[in-house]
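Data block below; observations after.
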Amino acid sequence: MSTPTHDGSPAKAEKSERARKSAKRSKRTEPKISDAVYEAELFRLQTELVKLQEWVRHSGARVVIIFEGRDAAGKGGAIKRVTEYLSPRVAQVAALPVPTDRERGQWYYQRYIKHLPAKGEIVLFDRSWYNRAGIEKVMGFCTPQEYVLFLRQTPIFEQMLIDDGILLRKYWFSVSEAEQLRRFKARRNDPVRRWKLSTMDLESVYRWEEYSRAKDEMMVHTDTPVSPWYVVESDIKKHARLNMMAHLLSTIEYADVATPEVRLPKRPVDSGNYQRPPRDLSTYVDDYAGRLARGAART
């Protein structure tokens, strides 16, 4: 006899069980990259991203990268690796909070527009205007009319960005039902990641199929030839990061930028008449690390 879900539906329970078994099978058959190969390739791709950054800065290009996907799909980890060695003055992350009352009275795209890049900048949207197609649609945070208008306006809005010269890339991080639940459980027991788990995350578990339908409908209307969606399989986070970064680099024709040679002086200029103030005039932080080192040396 099938075990019903929280809404008493045996069919949903059976489907969920099949999804979990399928995910387990795929995990067994998918070979995982070794840590050594991952770290080496990650650094190589990050080096290329620095080259991309310098090309953007010198050419005046404008790049927008959208990271979307289910909760716990690995978007934040990918963004962190992409930006790790980039200048925050060139590459900025836009992770907008819940809209204010004033923003709710604006044109929907307005609060996102002010975060778009100027010349020589890259902006990574950690979730974006596509909130309306996902959480707002599923949770009833927008009206049916607002939702339909979004599906109609978004391809036009993105066409305007592209026509103005912005390089737009959209990535959907796809995680299986079983892996998402595993990550939620891990967050619940992790003191440094527990803040990531919210009641809205639990809703994403209960409403898995609703989110799936919303994503499918979003793709139908906004996966266009000029602004396509790129799906990143993210059950294995390390694979997802490398795949996304490699793909991004392959879609932009950047080039090496010649940088001036920097020559360091052999030693600082010494005027002979500078004397450093006594140490006791400054307030230093305690040598906490030193105490730890001395304690470890005694054990």
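Brief remarks on what is shown
- Summarising the amide proton neighbourhood of Trp229: residues at separation of 5 or more, or on other chains, whose placed amide H is nearer than 5 Å comprise Thr224.
- For the range 179-299, the spread of Cα positions along each principal axis, largest first, Å: 73, 49, 29
- Compared with the alpha-carbon gap, the fully stretched path from Lys114 to Phe43 is longer by 22.4 nm at 0.36 nm per residue.
- Residues of the range 193-221 with amide N under 19 Å of a point placed 7 Å along Cα→Cβ from Leu292: 193
- Pairs of lysines in the range 33-250 whose Cα atoms sit within less than 21 Å of one another amount to 27, provided the residues are eight or more positions apart or on different chains.
- Across the chain, the mean sequence separation of Cα contacts (distance under 8 Å, 6 or more residues apart), normalised by length, yields a relative contact order of 25 percent.
- Assuming charge only on the beta carbon of Lys and Arg (+1) and of Asp and Glu (-1), the dipole of the chain about its Cα centre is about 1080 debye to the nearest 20.
- Cα gyration tensor, the range 240-279 - rounded (a/c under 1.5), prolate or oblate: oblate
- Cβ charges +1 (Lys, Arg) and -1 (Asp, Glu), total dipole of the range 75-117, debye: 40
- Over the range 33-250, accessible surface divided per residue gives 50 Å², non-protein components excluded, 1.4 Å probe.
- Carbon plus sulfur fraction of accessible area for the range 54-114, probe 1.4 Å, in percent: 50
- Inter-label distance for Asp280 and Ser174, nm, one decimal - labels placed 7 Å from Cα along Cα-to-Cβ: 6.9
- The range 33-250: proportion of alpha-carbon pairs further apart than 20 angstrom, %: 61
- Estimated 222 nm signal from helices in the chain, with DSSP H stretches of n ≥ 4 weighted -39500 (n - 2.57), rounded to 500: -15500 deg cm²/dmol
- Put simply, the amide H of Ala61, placed in the peptide plane, has neighbours under 5 Å in Gly120, leaving out anything fewer than 5 places away on its chain.
- The modelled label-to-label distance for the pair Thr224/Arg89, using points 7 Å beyond Cα in the direction of Cβ, is 3.6 nm.
- FRET efficiency estimate (nearest 0.05) - Cβ-Cβ, Asp190 to Ser212, R0 25 angstrom: 0.40
- Built amide H within the under 5 Å cut-off of Ser174, gap 5+: Val232, Glu233, Ser234
The values are calculated or read from the model by the stated rules, or taken from the named source; none is laboratory data. The structure presented is a predicted model; accordingly, all values stated were derived computationally and were not measured. For neighbour counting, all protein chains shown are included, and Cβ atoms are generated from backbone atoms with ideal geometry for every residue, glycine included. Remember, those area values only see protein heavy atoms, side chains included, never the ligands or the DNA or RNA. Shrake-Rupley method; radii C 1.70, N 1.55, O 1.52, S 1.80 Å.
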